[in-house]
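All remarks here apply to the structure that follows.
Since every read-out is calculated from the coordinates, none of them should be taken as a lab result. The model shown is predicted, which means the values in this text are computed figures rather than measured ones. Here the Cβ positions follow ideal geometry from the backbone for every residue, glycine too, while neighbour counts run over all protein chains shown.
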């Protein structure tokens with residue numbers, strides 16, 4: 001399945017009224033084609049709706065003007081050369097509907113009307129492109145502002161220890177929702193302006209711990225991600241069964257996953273090994289093989305890492 005881009009999503013979300021040209025230049029059926037030429041030239045447009053008595057009665061384009069010029073009919077009235085009863089789009093419809101209309105009819109522009117049929121704008125392909133790009137730009141700036149605010153949260157909150165904790169419940173055998181916890185934590189870290197390479201490490205750690213809970217536990221567990229000023233602490237806690245031999249569990253390829261889980265592509269025996277590779281510090285506890293707690297620390301910069309090692 002092809003990946004849907006954000007631009008394609010916006011085509012469904014953004015309304016025609018948000019991207020159309022609202023300051024509409026109109027002509028009347030009584031205008032001559034010579035007058036139309038001046039209007040199109042002065043306003044640098046390639047067509048105009050034809051309005052009479054406040055009602056939309058047609059549309060005229062530069063193509064119609066060229067035909068009239070070639071036929072020597074510049075004194076003819078617009079009403080005799082226009083396209084009557086033009087196809088319109090509604091301001092409250094999504095942009096994707098307008099795109100379909102452009103593809104279906106091949107026109108260069110559509111008059112835009114409200115629910116009462118009153119002319120409220122004009123729409124061209126260029127309006128759609130400019131409008132969607134503007135929406136993307138606005139989203140980018142909003143995202144940047146969010147990142148700035150989140151990245152300065154620790155500077156604005158003064159305490160002996162300031163942290164943000166994310167808690168995600170993980171159900172046993174719930175493969176349909178596998179990866180949800182890691183996705184949520186990855187998104188939060190990205191918005192907190194954590195360096196991309198650290199976000200990737202934290203996402204790998206969270207995903208592997210999440211899968212371990214899904215595959216190996218009987219009652220599920222939870223994952224907590226605590227973001228402090230200098231480090232990310234990720235904890236995975238479950239109520240068992242625990243790990244009989246932690247050293248063996250850390251060996252690449254070792255797995256106690258049942259065959260049916262392996263057939264699904266999970267449980268290859270590299271989970272804890274991947275966690276260990278991505279962690280600056282890792283502590284696994286499983287007393288009496290009754291429950292398991294995995295704690296991982298990822299430091300936000302080298303200075304914090306050295307300080308953490310010294311404290312240990």
| Separation of the residue 22 and residue 177 label points, Cα + 7 Å toward Cβ, nm | 4.3 nm
| note | Each label sits 7 Å from Cα toward the beta-carbon; between residue 245 and residue 273 the label points are separated, in nm, by 1.5 nm
| query | When a footprinting reagent is the concern and you count Cβ atoms within 10 Å, what order do 85, 37 take, fewest first? | reply | 85, 37
| Using Cα pairs under 8 angstrom and six or more residues apart, how large is the relative contact order of the stretch 6-131, in percent? | 33 percent
| field | Net lengthening on full extension, residue 190/residue 125 (0.36 nm per residue, minus Cα-Cα) | value | 20.0 nm
| Which of the peptides 216-227, 280-291 is most tightly packed, and how do the rest follow, going by the mean number of other Cβ atoms within 10 Å of each residue? | 216-227, 280-291
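Using a Förster distance of 51 Å, how high is the FRET efficiency between residue 137 and residue 163, based on the Cβ-Cβ distance and rounded to 0.05?
Calculated transfer efficiency: 0.90.
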| query | Using a basic spin-label model with each label point 7 Å from the Cα along Cα→Cβ, how many nm lie between residue 43 and residue 15? | reply | 2.4 nm
| request: Can you tell me the order of 98-105, 188-195, 206-213 when each peptide is scored by its average per-residue count of other Cβ atoms within 10 angstrom, highest first? | output: 206-213, 188-195, 98-105
